[in-house]
Amino acid sequence: MPKIIGKVWIYGDDVNTDVIFPGKYTYTVTDPDEMAKIALEDLDPEFAKNVKPGDIVVAGKNFGCGSSREQAAFCLKYAQVGAVIAKSFSRLYFRNCINAGLPAITLAESPEIFKADEKIEIDLNTGTLKCAAGIFHFPPLPDAVIGIFNDGGLIPHTRKILGID
């Protein structure tokens, strides 16, 4: 997987699935483009209008807490977010990110080391992150998970392994 380079969007602790993908849309918004347009709507109304491909969501502890709603991971992927970095993740949200093909990186120093709007570089293969504060390391992701990201998510990855078009 190539390096991820993008601008950071910084949020705090306990960002829950209901503000990542508002629950009022759970059964009515299913189109990927529409999902992208409401990503983080209740937390940051400017996010979906201004996010650029490869930008990176940065947060504190317990990112993705709340429901198991997988739309909360997919809406960020559909908004072309390059990765999510947090001090810690809800276990279910972390798994939903993998399923969506959205890198979720646990970094103990997050979000304190980042400056608003700075560009950072992430190398998933080596487990390094470069930002204005320096170079930080996180556990490199297993090859199987990198394969899921490279293939665009768990379903396309599984289809590729099984030889299903």
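Any read-out appearing in this document is the output of simple, stated calculations on the displayed coordinates, not a laboratory observation. Because the structure is a prediction, the values reported are computed rather than measured. Here Cβ is always computed from backbone atoms with ideal geometry, including for glycine, and neighbour counts include all displayed protein chains.
Remarks
- Restricting Lys61, Lys49, Lys77, Lys24 to those that are of a type in the set (Lys, Arg) and closer than 20 Å to His157 by Cβ reduces the list to Lys77.
- Scan region 109-147 for residues that are closer than 17 Å to Phe94 by Cβ, part of a loop (DSSP other than H, G, I, E, B) and touching a helix residue (DSSP H, G or I) at 6+ places or on another chain (Cβ under 9 Å) and the total you get is 3.
- Only one entry of Lys24, Lys77 meets the criterion of being more than 26 Å from Leu107 (Cβ to Cβ) and either basic (Lys, Arg) or touching an Asp or Glu at 6+ places or on another chain (Cβ under 8 Å) (or both), and that entry is Lys24.
- Condition met for Lys160 (farther than 24 Å from Ser90 by Cα, of a type in the set (Lys, Arg), free of Cβ contacts under 8 Å to residues at least 24 places away in the same chain and in a helix (DSSP H, G or I)): yes
- Within region 109-120, the set of residues being touching a residue at least 24 places away in the same chain (Cβ under 8 Å) and surrounded by fewer than 17 Cβ atoms within 10 Å (Cβ to Cβ) comprises Glu109, Lys115, Ala116, Asp117, Glu118, Lys119.
- Remark: pairs (first residue in region 62-86, surrounded by fewer than 24 Cβ atoms within 10 Å (Cβ to Cβ); second residue of a type in the set (S, T, N, Q) and in a helix (DSSP H, G or I); Cβ separation under 7 Å; 6+ apart in sequence or on different chains) = Gly66/Thr17; Ser67/Thr17; Arg69/Thr17; Glu70/Asn96; Glu70/Asn99.
- Taken together, the residues in region 17-51 that are more than 13 Å from the chain's Cα centre (by Cα) and closer than 25 Å to Lys115 by Cβ amount to 11.
- Test: residue in region 91-102 that is within 25 Å of Lys24 (Cβ to Cβ), of a type outside the set (D, E, K, R) and in contact (Cβ under 8 Å) with a residue 60 or more places away in the chain: yes
- Comparison of Thr158, Thr106, Thr126 shows that the only residue that is more than 18 Å from the chain's Cα centre (by Cα), within 19 Å of Lys77 (Cα to Cα), surrounded by 11 or more Cβ atoms within 10 Å (Cβ to Cβ) and among the polar types (S, T, N, Q) is Thr158.
- Looking across region 129-145, just one residue is surrounded by fewer than 10 Cβ atoms within 10 Å (Cβ to Cβ), under 29 Å from Pro156 (Cβ atoms) and in contact (Cβ under 8 Å) with a residue 12 or more places away in the chain, and that is Pro139.
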